[in-house]
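Encoded as structure tokens, the structure appears first; notes follow it.
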Amino acid sequence: MLHQHSRQLSDHPLASIIGRRIILILVIISSSITLLSTFLQLYTDYTREVNAVEQRHAELKQVHSESLAINLWEFNESQLKLRLEGLVKLPGLAYIRVSSNTGNQAWEAGDAVEGDKFESRIPLVYEGPGSQNPFVLGSLYVQSSAEEIYEQLLRTFTSLLLINGVKTFIVSALILWVFHLSVNRRIFSIMRYLERFRPSQKHVPLAMDKPVFITAKEDELDILALAINQQSQMLHQLYSEIELEKNRFTDFANVASDWLWETDDQGQLTFASEQMRSQLGHTPETVLRQQNLAQILDAPMLQTAFTGKDSFSGLELRVTLNGENRYFVFQGLVQDTEGRFSGFRGTAVDITQRKQAQNQLQELNETLELRVQERTRQLKNSLEELELTQNQLIEREKMASLANLVAGIAHEINTPLGVAITATSMLDIGDDSDDKEVVDLINNNLQRVVRLVQMFKQTAVTTERIQVEKVNMKDLIADLNLGLQQSLTEKQASLKIEVDDGLYWSTVPSSWLQVMGQLINNSLTHGFSQSDSTNCITLKVHVSDHSLVLEYSDNGAGLEQDVLDKLFEPFHTTRRSQGCTGLGMHIVYNQVTQVLKGQIVATGSPGEGIAVRIIVPELEEPAIPAEP
């Protein structure tokens, strides 16, 4: 909060809130005093000017009225005008007029005043020699302009305001500058020091700049800075002591095998030791906070103890941690804050080993016979698994030996078979010969024997021509699909392929083509008895547990369980009368297990099609020899 407010302030003199406030008050007071003194001065000047005008009018009556009466008596008109023109030039007089009572004649000088004015009418009395009694010859009418007085007062008022305003501005600026140097700048130093002050950091005392000739040797701000330094040093020392105690308590709590915990009045955790947090799943303390301890441990008995709001001890609970049952003895002390219940502080001692030893001893006594039976069953299962593995190895070796035997026989048959085909082709029999049908029958059967021999050869897997390559499985299947389009079209079968575009795998591409081609041909031959648009073959390829998985399925006729059990045996077929040899799935089995080093499993039932799952590892590509 202090930092947010300090960012809104500036150490510029004009930005000082206190300085501007003081200057504003000074300006208001100074302006008020200036206006009051100006008004008093104007009133005094106005009174003085009015008195001067009245005095001038009285002077005309006392001094000049008699000479004007003599001139009027003598009827010296030129001398009268000359005197009037001289009098009107006196300060404070604007207009003078002399009127005769006998001839209704008048003489005047100056300009008559139109606006506000001061006027006097003075009788002209003649008391010269030869006259026994004085008598009034006429009157003297005098006007003085009040507007001239007002203009003079306005000029005086304006000049006083301007002078006092400039003086006030200069004085205020000097006061603000002095205030900034002596007070405001040092206040900002104190504020910045308090902003940067951290009790955890090294103590650095507050130091303030003091302008010479402006500040005293030691004023109130110096005393404040001294007090702040004392308080900051005390806070730093107090923080160091608290940190030492905190570290000591933390070390004790972390090395202790027991749980240390604290809750609020609602049973929610406010503190948990390192051992407790670790055993609860390495959960950060910030996550454990504000969670109900009884709910975390799923312990209704602990919740009951919390509800009682009374100290408890010897509360034995079973707690499940990471799927493992552990036993703890809880005890808690009630915490009061200002006489009000504020929660619990307590410990939990792990008695799992002792409890397990007791339970194991009891269980050993109660279940010794069951343990012997269980051990016997485990040994029997292990023996069965060993026998199953041994049978699989024997079956694999038998399949391999049988395949080699069949391939050897096919090789031996191949030579005389070739001679027979050659000899038959040398027979020169015309189309109209009676022996033509016999020769054609011989050729057809010989070609069938050739196909069987080729099939026999494929049952023997040789590693001489095996080539491991890193291939894109989707491209490989697409090439296979292109070559099987005619066969698929004949049965109106659709081939659904599910494989990622970027799936590359180090394997033997030729074996995969042979395996997938044989599976698809089996579905078209045995699974789909008729051409139907609902015929569908699904081929999914994906990676699972660092192995390549091929899931092949169709919605064809399916297989009986006894046929499914002999699916991979050589010469086993359900359509031998239709020319099938029963070697296709045997070749698939040999390719998967011996070339691709994998496993193959087939499942299915009548009317629900067949599903084949092949799992193979990634093979190592041959090293490229370095160029000499």
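Taken together, the values in this text are just the output of simple stated rules run on the coordinates, not laboratory data. Keep in mind that this is a model prediction, so the values were computed, not measured. Quick reminder, even Gly has a Cβ in these numbers, built from the backbone with ideal geometry, and neighbours come from all protein chains shown.
Annotations for the structure displayed:
- Net dipole in debye of region 299-359 [+1 Lys, Arg Cβ; -1 Asp, Glu Cβ; about Cα centre; nearest 20]: 140
- A cut-off of 5 Å between modelled amide H atoms, ignoring neighbours fewer than 5 places along the same chain, links Gln105 with Ser100.
- Nearest-20 debye value, region 21-168 charge dipole, Cβ charges on Lys, Arg, Asp, Glu: 560
- Amide proton proximity set for Ser144, modelled H, under 5 Å, gap of 5+: Ala94, Phe118, Glu119
- Projection of the Cα convex hull of region 21-168, averaged over all directions and equal to a quarter of that hull's surface, yields 10.8 nm².
- Backbone amide hydrogens, once placed in the peptide plane, bring Thr270 within less than 5 Å of Glu262, Thr263, Asp264, excluding anything fewer than 5 places away on its chain.
- Region 160-198 and region 538-569: distance between their alpha carbon centers, rounded to Å: 93
- In region 165-236, the chymotrypsin sites (Phe, Trp or Tyr not before Pro) that fall in loop regions by DSSP, at most 14 other Cβ within 10 Å: Phe213
- For the pair Glu85 and Phe157, a Förster radius of 45 Å applied to the C-beta separation gives a FRET efficiency near 0.85, rounded to the nearest 0.05.
- Put a dot 7 Å past the Cα of Thr250, heading toward its Cβ, do the same for Asn443, and the two dots end up 9.7 nm apart.
- Straightening the chain between Thr367 and Leu181 buys 57.8 nm, computed as 0.36 nm per residue apart minus the Cα-Cα spacing.
- Loop-located GluC sites (Glu not before Pro) in region 307-386 whose Cβ has at most 15 other Cβ within 10 Å (DSSP): Glu338
- For region 245-355, the average shadow cast by the Cα convex hull is 7.2 nm², which is a quarter of the hull's surface.
- Difference of contour (0.36 nm per residue) and Cα-Cα distance, Asp565 to Ser547: 3.9 nm
- For region 180-185, putting each phi into the Karplus relation 6.51 cos²θ - 1.76 cosθ + 1.60 with θ = phi - 60° gives couplings of 5, 5, 8, 10, 4, 5 Hz, in residue order, rounded to whole numbers and with x for Gly and Pro.
- Couplings for region 592-598, taken from phi via the Karplus curve 6.51 cos²θ - 1.76 cosθ + 1.60 with θ = phi - 60°, read 5, 7, 9, 8, 8, 6, x Hz in order; Gly and Pro are left as x.
- Take the Cβ atoms of Tyr126 and Ile33, set R0 to 56 Å, and the FRET efficiency comes out at 0.50.
- Simple label model, 7 Å out from Cα along Cβ direction - Glu374 to Ala58, nm: 13.7
- For the set Lys491/Lys540; Lys470/Lys566; Lys474/Lys496; Lys470/Lys540; Lys89/Lys117, the pairs lying more than 23 angstrom apart at their alpha carbons are Lys470/Lys566.
- Between Ile25 and Thr415, residue separation times 0.36 nm minus the direct Cα-Cα distance comes to 127.6 nm.
- Positive-pole candidate from Thr250, Gly343, Gln275, dipole of region 245-355, charges at beta carbon: Gln275
- Rounded to the nearest whole Hz, the Karplus-based 3J(HN,Hα) values (6.51 cos²θ - 1.76 cosθ + 1.60, θ = phi - 60°) of region 606-616 follow the sequence x, x, 10, x, 10, 10, 10, 10, 10, 10, 10, with x at glycine and proline.
- Backbone N within region 528-544 under 15 Å of label point (7 Å from Glu490 Cα along the Cβ vector): 528-532
- FRET efficiency, 1/(1 + (r/R0)^6) with R0 30 Å, evaluated for Thr44 and Ala106 via beta carbons: 0.20
- Over the C-alpha atoms of region 465-617, the Rg to Rh ratio, Rh being the Kirkwood estimate, stands at 0.95.
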